[in-house]
Amino acid sequence: MSISAKTTALIVLMGILLSLSAFFIQRSVVYPAFHEIEVDYARNNIDRVVRRLDTQRQTIDFTVYDWSAWNDTYSFIQSGDPEYIESNLYPDTFLNFGFDVALFLNLDGEVVWGSVYDFPSDGSIVDLTATYLDDIVAATAKFTGRIDPEEDIDDQTTSGVVQVDGIPVLFAMRPIVQSDGSGPHKGYVVFGQFLDDELITTLSDQIVQGFSIEPVSENTAPAAPDNYSLKIIDQSTLSASKIYSIDGIPTLRATAILPRNITELGRDITYYGIALLILLCIALAAALLALFRWIVVKPIMSLKADISSISSAMDYSLRASIRNNDEIGALSREFNSMLQMIEYNNTELLRLNAELTSKHQTVLAVQSDLQAANAELKRLSEHDPLTGLSNRLALEKKLEQAWGILCRTGDPLTVMLVDIDLFKLYNDRYGHQAGDQSLKQVADILASAMQRKSDMAARYGGEEFLLVLPGTNAEDALGIAASIREQVIAANIEHDCSPIEPFLTISIGISSVVPHGDLTTGDLVRAADRALYAVKGSGRNNFRYEPVGTTGH
């Protein structure tokens, strides 16, 4: 067998081995990696669904907390005062909250007042009380035993999902106490939402991920946080599901149908990559064969001079001078072709390097835009959409951050809890749009009162605001509070149904402390809360300082 044949067989065998190796790598490494990415994507999306359901539950519980810890509710649950019902318990109230179920139960689980509504998208109100009230009361009453009256008032709560006529109802329940959190309990407030198709569609639109829910048996074993159920439906779709538990009790199974775009992309890349590598191996083998034929038959000594001169000059535009039509000429022409290829590749390399530099600049620009977008997303997630102030999430971060810093520096941390006096009367008199506008005005005044970059004004909930003033002592805080109160009065926001003044007023509770390990931010906020309630009890439209660790009267 000739040298040419042997070389041909060797190159072909090498190409086959390279192709098989490429196929094995693509199928065993690349494609499974795409599958793992797809699995992570599915888990992340079903986690988003579960988090959205829990956020909905927390929203209901937060509203129940506002209503249950209210002196008016405390009086109503004992007297059944119809004026409370007429002033507060009308359908528009629960339409604004988005709640379908509202129950006020006495300690025996009996209904003092209750209603069940449906709020269709056409704006109408459908009263379903006669149809569902008894079933809902019976289903939720058993949850009263899960509330431990010995716990802190903030922890006296329970939530769950009950089935009513085949429709899951997500609800939260809290005991009715006085506004300062004192008891004894006089009953329970229960608010809930039907997890019907319309609400699920709304939640799906909010997180840009369609999903469905189904109830699970109470006997179902609690699922671990990383317990997912993934099922491939076909080549283009898969389902991801996870059990949503409340207080460690399984309640719902959430399921999302997801496209398998990542796996399809990995499969395409695998197929095209294998095909391209096979073609490259064939092309490389052909080039090597041609090159070998042109070179090996050329007398080494005849070509040496040309090679030496070209090599010494490092000028690849020079060519070998042999022009024979025999093997020597063929070898000379191949050598010249090789020189031409090197020259071309150098030029092409310079061009590709310039192109790569340009693309790198484009990538840097895209990364800059992405960072800006992420910064904007972070800003939106930490600000209240109505007032533009920081929200509870940003507030909690700020308190913990300031507490940690001031523990080391020994400087004081002051908070102010600001409440708009009789704001419910304002909303009832002027409407919620006017109420929103007055909230913005007060928020602007609070924001302008922040004198340092480290200060923060945040919306604490409803008509309450919390100001965080790191490094501000109690004396300076009293001056700031006086200025804020005067600015609100100077704004002269009409409030003709207020028994205090014919304009909108505020009450401010102040507390200050030098942070240390024996206290928490909760102790500081509770002291400000006590001061606020003392101001409210003494006629409102004022401010008061309460040190941490004392009991307000």
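The values are calculated or read from the model by the stated rules, or taken from the named source; none is laboratory data. None of the values given here were measured: they were computed from a predicted structure. When we count neighbours, we look across all protein chains shown, and the Cβ atoms used for this are built from the backbone with ideal geometry, even at glycine. Accessible surface areas use protein heavy atoms only, side chains included; no ligands, DNA or RNA. Shrake-Rupley method; radii C 1.70, N 1.55, O 1.52, S 1.80 Å.
Given the DSSP H assignment, sum -39500 (n - 2.57) over each helix run of at least 4 residues in the chain and divide by its residue total; what's the result at 222 nm in deg cm²/dmol, nearest 500?
-18000 deg cm²/dmol
Once neighbouring chains are kept in place and the probe is 1.4 Å, which whole percent of the accessible area of the chain is contributed by carbon and sulfur?
55
Please name which of Ile328, Leu291, Leu280 has its Cα lying farthest along the dipole of region 251-334 towards the positive end, using unit charges on Cβ (Lys, Arg +1; Asp, Glu -1) and the Cα centre as origin.
Most positive-ward Cα: Leu280.
In whole Hz, with x marking every Gly and Pro, tabulate ³J(HN,Hα) for region 489-496 from phi via Karplus 6.51 cos²θ - 1.76 cosθ + 1.60, θ = phi - 60°.
Per-residue couplings from phi come out as 5, 5, 5, 6, 7, 4, 8, 6 Hz.
Would you list Tyr117, Tyr460 from the most to the least accessible area, probe 1.4 Å?
Reading off the accessible areas and sorting them downward yields Tyr460, Tyr117.
Need one number: nm distance between label points at Ser28 and Ala130, each 7 Å from Cα along Cα→Cβ, rounded to one decimal.
Result: 7.4 nm between the two label points.
Report ³J(HN,Hα) in whole Hz for each residue of region 234-243, in order, from the Karplus equation J = 6.51 cos²θ - 1.76 cosθ + 1.60 where θ = phi - 60°; Gly and Pro get x.
These are the phi-based 3J(HN,Hα) values: 7, 5, 10, 9, 9, 10, 10, 9, 7, 7 Hz.
Which residues' amide hydrogens lie under 5 Å from the amide hydrogen of Thr158, considering only partners 5 or more residues apart or on another chain, with H built in the peptide plane?
It is Met173, by chain and number.
Can you tell me the relative contact order of region 461-544? Whole percent, Cα pairs under 8 Å, sequence separation 6 or more.
Relative contact order here is 29 percent.
Between Glu501 and Thr409, take the C-beta separation as r, use R0 = 60 Å, and let me know the FRET efficiency to the nearest 0.05.
0.90
³J(HN,Hα) across region 358-364 via Karplus (A = 6.51, B = -1.76, C = 1.60, θ = phi - 60°), whole Hz, x for Gly/Pro?
4, 5, 5, 4, 5, 4, 4
Rolling a 1.4 Å sphere over the protein heavy atoms, what is the accessible area per residue of region 164-276, to the nearest Å²?
Ligands and nucleic acids excluded, the figure is 47 Å² per residue.
So what is the accessible area of region 1-87 per residue, in Å², with the probe set to 1.4 Å?
58
Taking the full set of protein chains and a 1.4 angstrom probe, give the accessible area of Asp247 in square angstrom, rounded to the nearest 10.
120
Return the distance in nm (one decimal) between the two label points of a simple spin-label model at Ile16 and Asp518, each offset 7 Å from Cα along Cα→Cβ.
Each label point is offset 7 Å from its Cα along the Cβ direction, giving 8.5 nm.
Over region 1-117, one equal point on each Cα, no solvent: what is log10 I(q)/I(0) by the Debye formula at q = 0.18 Å⁻¹?
At q = 0.18 Å⁻¹ the computed log10 ratios are -1.00.
Just how much of Thr7 is accessible, in Å², when a 1.4 Å probe is used and the result is rounded to the nearest 10?
Only protein atoms counted, so the area is about 30 Å².
Just reorder Arg293, Arg267, Arg51, Arg260 by solvent-accessible area, largest first, 1.4 Å probe, all chains present.
Arg51, Arg293, Arg267, Arg260
If R0 is 45 Å, what FRET efficiency do you get for Thr7 and Ser368 from their C-beta distance, rounded to 0.05?
0.25
Using alpha carbons only, what's the Rg to Rh ratio of region 239-375 with Rh from Kirkwood?
Radius of gyration relative to Kirkwood radius: 1.35.
Of [x] 118, 58, 47; [y] 97, 64, 41; [z] 133, 58, 42, which one was derived for Cα extents along the principal axes in Å from the structure shown?
Comparing each candidate, only [x] matches the computed number.
Please work out how much length the chain gains when fully extended from Leu356 to Gln441, using 0.36 nm per residue of separation minus the C-alpha to C-alpha distance, in nm with one decimal.
25.2 nm
Cα-Cα pairs above 16 Å in region 172-265: how many percent?
That tail contains 70 percent of the Cα-Cα pairs.
Once both labels are modelled 7 Å past Cα along the beta-carbon direction, what's the Ala313-Ser121 spacing in nm?
8.0
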